[in-house]
Structure formats: C-alpha cells, structure tokens
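Here is the structure we will look at.
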2 protein chains.
Amino acid sequence: MAMPEQNPRRRLSRDDWAEAALTAIAAGGLAAVAVEPLAARLHATKGSFYWHFANRDALLDAALARWEERTTTDVIGEITAMDGEPADRLRRLITRVVGIAERDAVGPALLATAADERVAAALDRVTRARIGLIVALFEDAGFAPAAAHRRALLAYSAYLGHAELAHSTPQVLPQASEERRAYLDDVLRALTAP
Amino acid sequence: MAMPEQNPRRRLSRDDWAEAALTAIAAGGLAAVAVEPLAARLHATKGSFYWHFANRDALLDAALARWEERTTTDVIGEITAMDGEPADRLRRLITRVVGIAERDAVGPALLATAADERVAAALDRVTRARIGLIVALFEDAGFAPAAAHRRALLAYSAYLGHAELAHSTPQVLPQASEERRAYLDDVLRALTAP
DNA sequence: AGAAGGCCATACGCCACCGTATGGTTCTCC
DNA sequence: GGAGAACCATACGGTGGCGTATGGCCTTCT
C-alpha cells in the first residue's frame, strides 16, 4: 500500500501518471482509471495530465506497456539468464513469481477486463511469453514437447489461480512460512510427477 | 452471447434485472452495472428499475446472491449427491466445472473487484465452499487431511487459472477434444500423484 | 537579464449516470 | 366493469468525469 506519489515533487512526468494509473487499476480495475481522481491523488490537476497525454486512452496504453514490460521482460530475463538444474530453476521461478503476484494486483484486474481490445492484446503477449518460458523449463527437465506444454499450462493455470486467491481471499492460502514451504514442495512434486 | 432479454415480454421481474446485471458484470465488471444502460438493454426505463430496487446497490446484492447460489449450492449439491470412486467423482467435478467456467465470466470479473466489501464476502463464502468440497474428495481418495488440503488448494488454483485463461486468452488452451482429454488426463495424473 | 518554451492551474461546456417525483397503464379481483 | 394495486414512462435536478481553452509560472539557454 505504499503510495510513492506523496513526496512533494512539483512537476510530474509521464511515467508518474502511468504509475498512478497502474495503482488505480490494481485497486479498482480499468474503470478506476479516471483523470480527475488521479490528478487529485497526485496533488495536481487535469492541466498537468493533458499536457503529458492526449487523453485517457493514451494513459491506458502507457500503463499497459509499463505493466507488460515489468511483468514479462524483467522476470523472463532473470530466469533465462539463470543456470542450474531445471528443477531448481523451476522452483526459483515459482517462488520468485508467486511473491510478485501476491503483491501486485494489476494482473488479476486486467484479466477481468479482457473485453477491452488493448488489454486483450497485452494479455495475449504476456501469457504466451510466460507459458513459453515454462514450457522450456519443462522440456529442459526432460518432458517431451507435448507433455511439457500440458504441464506448463497446468503450472501457469495454478499460478494465475494462486495470484487470484492471494489478492481476493488470501486467508485460504497457507500463512506460516513452514506451511508455505510444504505447499510449494507439494506443488512442485505434483507438477513434476511422471 | 445469448441475450435472453430480447423476447417482447412487457413486464420485468426483479430477477430479470439481477440476471441482466450478471450479464453486465461478465461483460465489463462491476462498473458496468449501470441502471440506465441496463434499462436500455431490457427495453425499459429507470422507472421500472426503481420500482423493483431501492438503488443500484440493492441490484448488486441481488445479483451477487444469485451468482453465489448458482455457482456453489447447485454444483456442490450435485457432486456430493454423486456416488462412485473418488477419482471418478473428481474427474466428473473437473469436467463439469470447467465447462461452466469456460462459459461464465462472472467469477473472473468478481475476482478483480475483490476490493468491494460485498464482493469480497461473497467470494470468501464461495471459495471456502468449493475448496471444502475438493478437500473432501481428496480425503476420500486416501490423502491425509493436511496433504488433501494442499492438493485441494492446488486443484482449485488450477481451476481458477484455467477459468481466467478460458475467458481472457482461450487460444492458449487445447482446442481439439482429444487434446482436451489428454490435458485433463495429465492434470488428473499430476493432481493425484503420490 | 530577458525571451522562449516546458509545465501546470483554472474555468468552462458537455455528457452519462444516479435518484426522485409524478402521472399514466395494465393487471387482478370482486 | 370498475377500484385498487402493481408496474412503468417521462421529466427533472444533481454529480462526476472528459476534454478544451487560456493564461500564468518556472526553467533554461543565450
């Protein structure tokens, strides 16, 4: 719940607005991206906004691009650059990515607004990139392509569902860190079963 | 995309409005539930709405209650009333429920609006009921309580994720029915592994 | 120092939606 | 077949958000 827009910075950048838009999406979905309320949160007015952006749509585009890069490019780069056993890499990907998902609510919010064309396009790219990464990991782990794809789909579905649970009804998820570890172990065991 | 509100029925019931609200939620999230557009779709005016409901909030409550009953009570009743091997019941639950999920977009839309108190409450009840059912199935299948709970969580996460994928980027899911069968087999195998 | 342009506040018209008020239809039941 | 209730349309004021216009400040460069 950190609100980085509090510091008394006078002049705002385009990125400040995009970031605020992402915060709004996480909090209330696409519909929550409204220029005037955003301006209020940033202690500015529409005058500032409409200098940086042509309109609300342009802001959405910028926010989506920002999210897409942050949640795909960065993580995927980190994992592919990693070495070690496939099982280890899978484990690290999961722990890493689950941590991110539990903090960031933008993804779930966007999934609900897949009706919007631009959102659908961004989701499509992100989804394929992520699944592609997981498929590669399973293939490295020795699964045949078709089987690897199925397992990757299952793994990614479980990831998405976990992210949803984490931000909608987190109480049902294991809280204590030992329980979390046991759960992760079990998930990995199931996902990598014969 | 069936729009059941087309038939030239003159007078509307409370349930007609609730149903239209659910359709709107599925299409555009909570924010899409707007009285006047809904009235237009139903070929009526606000005059009708405000006779049946006190305000927009009352409509949301009614819609949520309707969804909650439909997606919990009904399915759970059907499965618990079922007999047969645990594995069979699990399989039938999955096929049954995945079919529903792929058609109905209300769940994903609500997950994105968990910020709303009433939505959170409904989600909490639905989530617990569903997970409870799955836990019971895994226990019947011979898993110890803790392990059954972990597996149920994984299964339910996968289900949620699958629902998300089905309505946001369905292209990544297996399309042909043989592929779907192979995928389902693999998922069941993974979920019920040692 | 002063001019130019980057950055922002204020004020305005517009539209979509909410909720209310009020009067008209259309059922239902005797 | 007429009274009362159920149901609905129309019209209205209020609010919040979008986008534009315009003028002012603040920085930067010369």
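What to note about this one:
- Heavy-atom SASA rank of B:88, A:116 (probe 1.4 Å, accessible area, largest first): B:88, A:116
- Of the residues A:44, A:62, A:31, the one that moves most in a GNM of chain A with alpha-carbon contacts below 10 Å is A:31.
- Residues along the range B:160-177 losing 20 Å² or more of accessible surface when the other protein chains are present rather than the chain by itself (probe 1.4 Å): B:160, B:161, B:164, B:165, B:167, B:168, B:169, B:171, B:172
- Karplus-derived 3J(HN,Hα), 6.51/-1.76/1.60, for each residue of the range A:63-71, Hz, glycine and proline x: 5, 4, 4, 4, 5, 4, 5, 4, 8
- Carbon/sulfur fraction of accessible area - the protein assembly as shown, other protein chains in place, 1.4 Å, %: 54
- Mean Cα-pair separation over length for the range A:121-191, i.e. relative contact order, pairs under 8 Å, 6 or more apart, %: 23
- Label 7 Å beyond Cα on the Cβ vector: residue B:82 copy-to-copy distances, nm: 3.7
- Computed on chain B, with alpha-carbon pairs under 8 angstrom and 6+ residues apart, the relative contact order is 20 percent.
- Chain pair B, A: total accessible area buried, heavy atoms, 1.4 Å probe, Å²: 3400
- Cα shape, the range A:83-191, gyration tensor, a/c 1.5 rule: oblate
- For the range A:23-62, the Kirkwood radius over C-alpha pairs fed into Stokes-Einstein at 10 °C and 1.306 mPa s yields D = 155 µm² per second.
- Cα-based shape type of the range A:89-150, given that a ≥ b ≥ c are square roots of the gyration tensor eigenvalues and the cut on a/c is 1.5: oblate
- Taking a Cβ cut-off of under 15 Å around residue B:182, the surrounding Lys, Arg, Asp and Glu residues balance to a net charge of +2, with basic ones at +1 and acidic ones at -1.
- Shape summary of the protein assembly as shown, radius of gyration then Dmax from alpha carbon positions: 22.1, 68 Å.
- Accessible surface, per residue, of the range A:112-194 when the full set of protein chains is kept, probe 1.4 Å, Å²: 40
- Phi angles across the range A:19-30 convert, under the Karplus curve 6.51 cos²θ - 1.76 cosθ + 1.60 with θ = phi - 60°, into 3J(HN,Hα) values of 5, 4, 4, 4, 4, 5, 4, 4, 7, x, x, 4 Hz, Gly and Pro given as x.
- Label distances, nm, residue A:11 versus same residue in remaining copies, Cβ-directed 7 Å point: 6.7
- Rg then Dmax, both in Å and based on the Cα atoms of chain A: 18.9, 60.
- Per-residue [θ]222 nm for chain A (sum of -39500 (n - 2.57) over DSSP H runs n ≥ 4, rounded to 500): -22500 deg cm²/dmol
- A point 7 Å from Cα along Cα→Cβ stands in for residue A:171, and the other copies hold the same point at 4.1 nm, listed in rising order.
- Integer Hz, Karplus 6.51/-1.76/1.60 couplings in order for the range B:148-163, x for Gly and Pro: 4, 5, 5, 5, 5, 5, 4, 4, 6, 4, 4, 4, 4, x, 4, 4
- Global dimensions of the range A:18-111 from alpha-carbon coordinates: Rg and Dmax equal 16.6, 54 Å.
The values are calculated or read from the model by the stated rules, or taken from the named source; none is laboratory data. Note that the structure is a prediction, hence the values are computed from the model and not measured. Backbone-built Cβ (ideal geometry, glycine too); neighbour counts: all protein chains shown. Protein only, heavy atoms only, side chains kept; ligands, DNA and RNA dropped before computing areas. Shrake-Rupley method; radii C 1.70, N 1.55, O 1.52, S 1.80 Å.
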